[in-house]
1. State which residue is farthest from S82 (Cα to Cα) when the search covers only region 102-135 and only residues that are among the acidic types (D, E) and in contact (Cβ under 8 Å) with a residue 12 or more places away in the chain.
2. Looking only at region 98-111, count every residue that is under 16 Å from S52 (Cβ atoms) and surrounded by fewer than 16 Cβ atoms within 10 Å (Cβ to Cβ) and tell me the total.
3. So which of G95, G88 is of a type outside the set (S, T, N, Q), at positive phi and surrounded by 12 or more Cβ atoms within 10 Å (Cβ to Cβ)?
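We did not get these values from a lab; they are worked out from the coordinates using the rules stated. Just so it is clear, the model here is predicted, and its values are computed rather than measured. Because the Cβ atoms are built from the backbone with ideal geometry, glycine has one as well, and the counts that use them run over all protein chains shown.
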Amino acid sequence: MDSEGEGDSPTHVKEGKLMDRLHGINRKGAALMSALIPMMVLVSCAGGKMKSHYPKDWVESVEVSKVSSDELKLRFFVPAESLYYAAGVNYEAQGDALRVAIERCNINEPCSPMVKRAMPIPQDQIAELRLPYAGKVILVHADQEEQIYP
């Protein structure tokens, strides 16, 4: 059996056709996934479902004050943790309200909240951030939501 004869064997021809079909399926699968991913993102963002990992009692001492006609100052207690940290906040405008969630990040993974807090945290463990002013402010906790301004 020489190597030239093996290329013409029925088994080799079947394998070649199978590989061609698999490549076609992979291209179709890639096209399908590229169409589905944007739809999955839209569905996951629909309805204003912000997520927070901090329950209300972990971030007590929340203060909000108006700095200017279009800016607020948010101050909150940063819980002491060993493997996670409060990196900042994410927010979304919803009608006349600004919904805000404190972003909890793993110390070993990249994390990019919309508004980052100063690093390192001050000794009093109070983070201070600036947010756009959009009327009332709702803080999203893991266990509830609360209007914190006005």
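1. Ranking the qualifying residues of region 102-135, first place goes to E128.
2. The qualifying residues number 2.
3. G88
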